[in-house]
Amino acid sequence: MNFCLPNTIREPLLQTGRADVVLVLDAIHGLDYDFGGLTTARELARVLWASGILVSPGLVRRALKDDLFPSFVTYDKKRGRPEVFYRIPTLDFLVETVAAGVVLACDELSVDDMNNLRNYRAGLHREFLKRRKKCQHSRKWLGDRLGVGDRATSFYEKDIEKWLTVTADYDVIVLLGMTKDELSEVFSRVVLGRDYLTVSVSTGATYKYGARDEHEQKFPALFSLAWKFVQAGLFVRLKVRKCNVYEWCD
């Protein structure tokens with residue numbers, strides 16, 4: 001089994017709240033099973049479980065209600081109950097309607113990745129970072145790509161800590177010698193709690209609330225504190241947080 005639906009199909013569906021739909025589509029097109037172009041919710045759930053994909057029947061039913069699966073009803077006189085059949089969209093149809101005719105990367109997932117939505121998104125995140133080897137992205141961008149919040153991807157990375165190194169990156173701005181207006185302009189872009197100030201230990205400055213290491217003391221990125229250090233002639237720098245650097249090592 002080869003679960004590698006193009007990412008240009010996966011991502012638009014994930015980003016529009018249709019994660020259950022894309023998981024089911026990925027499973028259908030990766031299975032070694034001929035549905036003949038049609039299926040029912042019961043048959044599809046049975047085939048998925050027989051293939052080791054342990055998704056809930058409820059997820060399958062929700063996915064099949066999407067517009068990508070046209071449906072029609074047949075009646076069996078013996079059973080007296082209608083049977084709903086769903087037409088399975090072809091890969092070419094999905095490329096044209098969802099991906100606007102564009103096919104780019106196709107990250108391959110395992111059977112375990114297909115068992116639930118959490119594993120599915122985590123697998124896509126893992127394979128993206130593995131393919132890129134070394135890249136720099138914001139948490140927001142990585143989360144938006146999968147249709148989840150900013151912090152969700154950090155939880156996915158707990159499964160791959162053995163291979164992934166995440167390093168915080170900063171822009172460093174030297175504040176020594178700035179006027180008050182110049183400093184105010186710099187601090188208009190500061191995010192408290194994300195950015196911070198440092199004062200060189202070589203200046204001999206020691207302050208009660210600064211976290212100190214061998215070379216510098218660390219302080220909150222407060223304008224009043226920065227202006228105090230500048231007025232005192234201390235070598236003070238502002239470190240502005242940038243996107244994390246992600247590096248994959250096999």
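Counting only helices (runs of 4 or more DSSP H) that fall entirely inside region 9-110 and contain at least 1 residues that are in contact with an Asp or Glu (Cβ under 6 Å, 6 or more places away or on another chain), the qualifying elements are 19-30, 57-64. Taken over region 179-189, the criterion of being within 9 Å of Trp227 (Cβ to Cβ) and over 39 Å from the mean Cα position of the chain (by Cα) is satisfied by Lys180 alone. Just one of (1) at pLDDT below 95; (2) within 23 Å of Tyr246 (Cα to Cα) fails for Leu176. It is (2).
Taken together, Arg126, Arg118 contain a single residue that is open to solvent by 80 Å² or more (accessible area, probe 1.4 Å), within 17 Å of Arg10 (Cβ to Cβ), touching a Phe, Trp or Tyr at 6+ places or on another chain (Cβ under 9 Å) and at pLDDT 95 or above, which is Arg118. Checking the stated criteria, Gly17 turns out to be at positive phi, at pLDDT 95 or above and not aliphatic (A, V, I, L, M).
Note on region 130-175: among residues that are part of a strand (DSSP E or B) and aliphatic (A, V, I, L, M), the one that is farthest from the chain's Cα centre (by Cα) is Val174.
Considering region 34-69, the residues that are over 30 Å from the mean Cα position of the chain (by Cα) and within 19 Å of Leu94 (Cα to Cα) include one that is most open to solvent (accessible area, probe 1.4 Å), namely Asp34.
The residue pairs whose first member lies in region 32-57 and is within 23 Å of Pro82 (Cβ to Cβ), whose second member is assigned to a loop (DSSP other than H, G, I, E, B) and open to solvent by 30 Å² or more (accessible area, probe 1.4 Å), and whose beta carbons are closer than 7 Å, counting only pairs six or more residues apart or on different chains, are Val47/Tyr33. Looking only at residues in region 70-95 that are among the charged types (D, E, K, R) and surrounded by 12 or more Cβ atoms within 10 Å (Cβ to Cβ), the one that is nearest to the chain's Cα centre (by Cα) is Arg87.
The values are calculated or read from the model by the stated rules, or taken from the named source; none is laboratory data. Source: prediction; values computed, not measured. Neighbour counts are summed over all protein chains in view; Cβ atoms, including those assigned to glycine, are modelled from backbone coordinates with ideal geometry. Areas reflect the complete protein model, heavy atoms only, side chains present, ligands, DNA and RNA absent. Shrake-Rupley method; radii C 1.70, N 1.55, O 1.52, S 1.80 Å.
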